[in-house]
Amino acid sequence: MTDEQLLKSCLEGDVDKFRQIVDKYRGKVTGLAINILGNREDAEDACQEAFINVFQNLDKFDFDRNFKDWLFTILYNRCIDKVRKRNRFYNFYNKKKIEYHSHHNSNHKMNPESMPPLSDNLLQRLSPKERTAIYLWAYEGYTSDEMGVVLNCSSSTARVHIFKARKKIKKILENGHDTL
Amino acid sequence: MIRCRLINFLFRVFPFRAFQGFLIKNHFEKCPDCQNSLVRAEDARLFLVKEEKAREMINLWPGISEKLCEGSGEKLRTPFFLKWRWVLSAAGLAVFIFTGVWYFNRPDSTEMAFQQSLDQAFKINYIKVEEKPAGAYVYEPQDSEMIIVWAEILP
């Protein structure tokens with residue numbers, strides 16, 4: 001069955017067909033989410049929220065559009081929300097930690113455990129937009145026009161994100177991990 | 001090379017996305033020297049979590065079905081008009097046909113007025129032919145104000 005047929009069945013209330021959609025796109029969606037968010041738990045949450053969002057808004061889907069682009073757009077927005085929430089949490093946490101230590105006149109420096117759990121993955125050195133762009137370009141073969149739809153920006157801006165990501169990774173490859 | 005350096009310089013100095021996009025499209029994507037400073041897709045994939053690995057790591061459906069079934073029952077349900085759309089369509093069509101039939105078969109107002117005037121003006125209580133009771137047949141041709149009365153001696 002094509003995506004369109006599956007989606008129309010979902011619109012008629014067939015949840016099993018929605019399961020087929022989830023199974024079909026599970027790999028692509030989780031791949032993108034893990035590469036943006038860098039950890040399994042957040043990626044799982046983001047993917048589930050994205051699929052639920054898709055199911056609840058199927059009646060608004062324009063069948064002239066590509067379903068995969070629409071799904072990626074929703075997922076990208078969920079991932080960016082998660083990144084922002086996470087950043088807010090770590091900013092707050094670090095601020096409170098510094099306040100606590102200065103209040104107690106301690107020279108104790110923040111230990112690595114208080115820092116966000118950075119993965120060894122070099123993708124952590126790219127911004128979420130650059131990570132999304134490089135994944136869509138390298139794995140999905142997206143052009144800058146298609147990427148602009150997912151990232152909700154112009155194709156020029158998408159082109160800049162891919163360019164910067166490619167350049168950063170190349171530098172890392174040439175000079176080692178500590179260059180950036 | 002001088003051209004490449006100049007364009008790299010312009011790229012860094014003017015951080016406008018449209019301008020940078022223009023430089024990328026018209027120079028960096030075409031210049032072989034500049035392409036060497038960018039990672040290739042196959043090398044970039046080494047830094048990414050692969051789709052197959054991601055697929056193994058996460059099983060999405062149990063969580064999705066649970067979330068769909070728990071708090072959002074009304075969201076899960078198909079909208080009323082979609083579920084009953086065939087019934088609603090058939091009912092709408094039936095109403096349309098009924099209205100059409102009624103509209104085209106309703107008595108004309110002038111016809112009704114004529115009928116009313118006839119009811120008031122023409123009345124036969126009893127007919128006799130040759131002093132014997134007779135059967136009467138009243139015939140009103142359409143689109144005419146004529147009334148034909150046919151009387152016949154009953155056997």
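The values are calculated or read from the model by the stated rules, or taken from the named source; none is laboratory data. Predicted, not measured: the structure shown is a model, and the values here were computed from it. All Cβ positions, glycine included, derive from the backbone under ideal geometry; neighbour counts span all protein chains shown.
Taking helices (runs of 4 or more DSSP H) that fall entirely within region B:30-74, which contain at least 2 residues that are of a type in the set (Gly, Ala, Ser) and outside the structural domain of B:Asn8 (by TED's automatic domain parsing)? Steps first, answer last, please.
Details: elements: B:32-35, B:41-44, B:51-57, B:61-69.
Qualifying helices (runs of 4 or more DSSP H): B:61-69.
Regarding region B:66-77, can at least one residue be identified that is modelled with pLDDT of 80 or more, within 47 Å of the chain's Cα centre (by Cα) and within 14 Å of another protein chain (Cβ to nearest Cβ)? Before the answer, list the steps.
So the first thing to find is which residues in region B:66-77 are modelled with pLDDT of 80 or more, and the list is B:66-67.
Imposing the further condition that a residue be within 47 Å of the chain's Cα centre (by Cα) reduces the set to B:66-67.
Pick out the ones that are also within 14 Å of another protein chain (Cβ to nearest Cβ) and you get B:66-67.
Yes, region B:66-77 contains a residue that is modelled with pLDDT of 80 or more, within 47 Å of the chain's Cα centre (by Cα) and within 14 Å of another protein chain (Cβ to nearest Cβ).
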Quick one: A:Phe18 ticks every box in (1) crowded, with 19+ Cβ neighbours inside 10 Å; (2) within 19 Å of A:Val150 (Cα to Cα) except a single one, so which number is it? (2)
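Hey, any hits in region A:26-34 for a residue that's more than 7 Å from every other protein chain (Cβ to nearest Cβ), over 14 Å from the mean Cα position of the chain (by Cα), under 12 Å from A:Leu71 (Cβ atoms) and assigned to a helix (DSSP H, G or I)? Walk me through how you get there before you give the answer.
Start the filter on region A:26-34 by keeping residues that are more than 7 Å from every other protein chain (Cβ to nearest Cβ), which leaves A:29, A:32-33.
Narrowing further to those that are over 14 Å from the mean Cα position of the chain (by Cα): none.
Checked against the condition, which is being more than 7 Å from every other protein chain (Cβ to nearest Cβ), over 14 Å from the mean Cα position of the chain (by Cα), under 12 Å from A:Leu71 (Cβ atoms) and assigned to a helix (DSSP H, G or I), region A:26-34 yields no hits at all.
Provide a single number: the residues in region B:4-15 that are exposed (fewer than 11 other Cβ atoms within 10 Å of the Cβ) and either over 17 Å from A:Arg166 (Cα atoms) or within 11 Å of chain A (Cβ to nearest Cβ) (or both). Break it down into steps so the answer makes sense when it comes.
Here is the first cut: in region B:4-15, the residues exposed (fewer than 11 other Cβ atoms within 10 Å of the Cβ) are B:5, B:9, B:12-13, B:15.
If we keep only those that are either over 17 Å from A:Arg166 (Cα atoms) or within 11 Å of chain A (Cβ to nearest Cβ) (or both) as well, we get B:5, B:9, B:13, B:15.
Number of matching residues: 4.
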Given the criteria more than 10 Å from chain B (Cβ to nearest Cβ) and either of a type in the set (Lys, Arg) or assigned to a loop (DSSP other than H, G, I, E, B) (or both), does A:Asp62 qualify? yes
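For residues that are among the aromatic types (Phe, Trp, Tyr) and assigned to a helix (DSSP H, G or I), scanning just region A:128-180, find the one that is nearest to B:Glu51 (Cα to Cα).
Of the residues in region A:128-180, the ones among the aromatic types (Phe, Trp, Tyr) are A:135, A:137, A:139, A:142, A:163.
The next check asks that each one be assigned to a helix (DSSP H, G or I); those that pass are A:135, A:137, A:163.
Details: A:Tyr135: 10, A:Trp137: 14, A:Phe163: 22 Å.
Per the criteria, the residue is A:Tyr135.
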By residue number, the members of region A:13-27 that are within 16 Å of A:Ile52 (Cα to Cα) and not hydrophobic (A, V, I, L, M, F, W, C) are A:Gly13, A:Asp14, A:Asp16, A:Lys17, A:Arg19, A:Gln20, A:Asp23, A:Lys24, A:Tyr25, A:Arg26
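Per-residue answers, yes or no, for (1) at pLDDT 70 or above; (2) in contact with a Lys or Arg (Cβ under 7 Å, 6 or more places away or on another chain); (3) within 14 Å of another protein chain (Cβ to nearest Cβ); (4) closer than 21 Å to A:Ala33 by Cβ:
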{"position": "A:Asn105", "(1), (2), (3), (4)": "no, no, no, no"}
{"position": "A:Glu113", "(1), (2), (3), (4)": "no, no, no, no"}
{"position": "A:Ala138", "(1), (2), (3), (4)": "yes, yes, yes, yes"}
{"position": "A:Glu146", "(1), (2), (3), (4)": "yes, no, no, yes"}
{"position": "A:Cys153", "(1), (2), (3), (4)": "yes, no, yes, yes"}
{"position": "A:Ser156", "(1), (2), (3), (4)": "yes, yes, yes, no"}
Is there a residue being part of a loop (DSSP other than H, G, I, E, B), at the interface with chain A (Cβ under 8 Å from one of its Cβ atoms) and either surrounded by 13 or more Cβ atoms within 10 Å (Cβ to Cβ) or at pLDDT below 90 (or both) anywhere in region B:80-101? no
For region A:35-56, what are the residues that are more than 14 Å from A:Lys68 (Cβ to Cβ), part of a helix (DSSP H, G or I) and more than 9 Å from chain B (Cβ to nearest Cβ)? A:Ile36, A:Leu37, A:Glu41, A:Asp42, A:Ala46, A:Asn53
Working only within region B:16-41, note down all residues that are under 47 Å from the mean Cα position of the chain (by Cα), more than 7 Å from chain A (Cβ to nearest Cβ) and closer than 21 Å to A:Ile172 by Cα. B:Glu29
